[in-house]
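Below: the structure, in structure tokens.
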Amino acid sequence: MQDSGWRGAGESGFNSMMTILAVTTVPAFDDNYLWLVHAPADPRQVLVVDPGDATAVEAALRAQGLVLAGILVTHHHGDHVGGVQTLAGNLPVFGPGNEDIEGITHPVQGGDRVELPALGLSFAVLDVPGHTRGHIAYAGHGAVFCGDTLFSGGCGRLFEGTPAQMYASLGALAALPPETQVYCAHEYTASNLRFALAVEPDNAALVAYAAEVAELRAACRATVPTTVARERAINPFLRTTEPAVRAAAAGFAVEAGLNAANDDIATLAALREWKNRFRG
Ligand SMILES: [Zn+2]
């Protein structure tokens, strides 16, 4: 089934009923998820997102009789690009134009589109700097592949960017339609929720989700993908305007001698620093 329903972030006309993107989860390393995106035009053909480990990808392709048709990369970290050279051959490799990554054949940036009509796939590229300087995300078909920018219950560390950049990046992801499936690159949810509960212990949606996640993890099941709607309800890094989140972040900032958490960006900065130090 061909999807022409995606018209970009936040625009009207999005219809989640048009396609449900088929995605296979490939676990790798300790807690990475590499994603195989099945082509609506031919589900045996897949794109791989952030192939940090070529062996894991090759094993998944073999096990399911799939053919790799292209590679999408979100940022330059080794656990996201380590398998690119081995897997690429003559395939198209899309990745951030302003990061130094070996093997990218199609450098892209925010505002560009990845158009693969033969596969029936089309993604909008979003600039989401913060974790790294040139981090991008791919949004389309009711899904977003956001690398290490947004996690369920948390966000990426600010290795190269500023709190203001991360605030804008998370805002762009949160502005996607609420039903958007969010494919984050790590299984960090349980640990993120311990922190989220320290920030916002009285958030009923968060308390309920934490119980759900505990059950999933006890059964060794993935908590990703999540959705934009869920993250807006439970993720403190998307909730910097909430009085309870702001008050908790302000309390931490005072204790830690940081700048007063008196606006959204300072609140996000305080939350990120608090999370860095949090042992829950
Ligand atoms: Zn990373």
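Please name all residue pairs, on different chains or six or more residues apart, with Cβ atoms under 8 Å, provided the first residue is in region 251-272 and is of a type in the set (D, E, K, R) and the second residue is assigned to a helix (DSSP H, G or I) and open to solvent by 30 Å² or more (accessible area, probe 1.4 Å).
Asp264/Tyr167; Arg272/Pro163
Please determine whether any residue of region 99-107 is of a type in the set (Asp, Glu), under 25 Å from Gly171 (Cα atoms), outside any loop (DSSP other than H, G, I, E, B) and modelled with pLDDT of 95 or more.
no
Of the conditions (1) free of Cβ contacts under 8 Å to residues at least 40 places away in the same chain; (2) more than 27 Å from Asp53 (Cβ to Cβ), Arg217 fails just one. Which one is it?
Result: Arg217 passes all but (2).
Could you check, for region 146-163, whether at least one of its residues is without any contact (Cβ under 8 Å) to a residue 40 or more places away in the chain, open to solvent by 50 Å² or more (accessible area, probe 1.4 Å) and within 16 Å of the ligand (Cβ to nearest atom)?
yes
All but one of (1) farther than 25 Å from Arg221 by Cβ; (2) surrounded by 21 or more Cβ atoms within 10 Å (Cβ to Cβ) hold for Arg44; state the number of the condition that does not hold.
(2)
Is it fair to say Leu119 is outside any loop (DSSP other than H, G, I, E, B) and either under 18 Å from Asp148 (Cβ atoms) or among the hydrophobic types (A, V, I, L, M, F, W, C) (or both)?
No; evaluated as a whole, the condition is false for this residue.
With the checklist (1) farther than 27 Å from Ala56 by Cβ; (2) within 16 Å of the ligand (Cβ to nearest atom); (3) open to solvent by 40 Å² or more (accessible area, probe 1.4 Å) in hand, flag the one item Glu179 doesn't pass.
Answer for Glu179: the failing condition is (2).
May I ask you to verify whether Pro178 is over 14 Å from the mean Cα position of the chain (by Cα) and over 26 Å from Thr74 (Cβ atoms)? Even if it seems obvious, please write down each step before you answer.
Details: over 14 Å from the mean Cα position of the chain (by Cα): yes; over 26 Å from Thr74 (Cβ atoms): no.
In short, no.
Please enumerate the residues belonging to region 117-145 that are open to solvent by 10 Å² or more (accessible area, probe 1.4 Å) and among the β-branched types (Val, Ile, Thr).
none
Thr105: away from the ligand (no atom under 16 Å from the Cβ), of a type in the set (S, T, N, Q), under 27 Å from Glu58 (Cα atoms) and open to solvent by 10 Å² or more (accessible area, probe 1.4 Å), yes or no? Before the answer, list the steps.
On the way: away from the ligand (no atom under 16 Å from the Cβ): yes; of a type in the set (S, T, N, Q): yes; under 27 Å from Glu58 (Cα atoms): yes; open to solvent by 10 Å² or more (accessible area, probe 1.4 Å): yes.
Taking the combined requirement at face value, the residue satisfies it.
The values are calculated or read from the model by the stated rules, or taken from the named source; none is laboratory data. Everything quoted here is computed from the prediction, not taken from an experiment. FYI the Cβ positions are ideal-geometry reconstructions off the backbone, even for glycines, and counts take in every protein chain you see. Note: areas computed on protein heavy atoms with side chains; ligands, DNA, RNA excluded. Shrake-Rupley method; radii C 1.70, N 1.55, O 1.52, S 1.80 Å.
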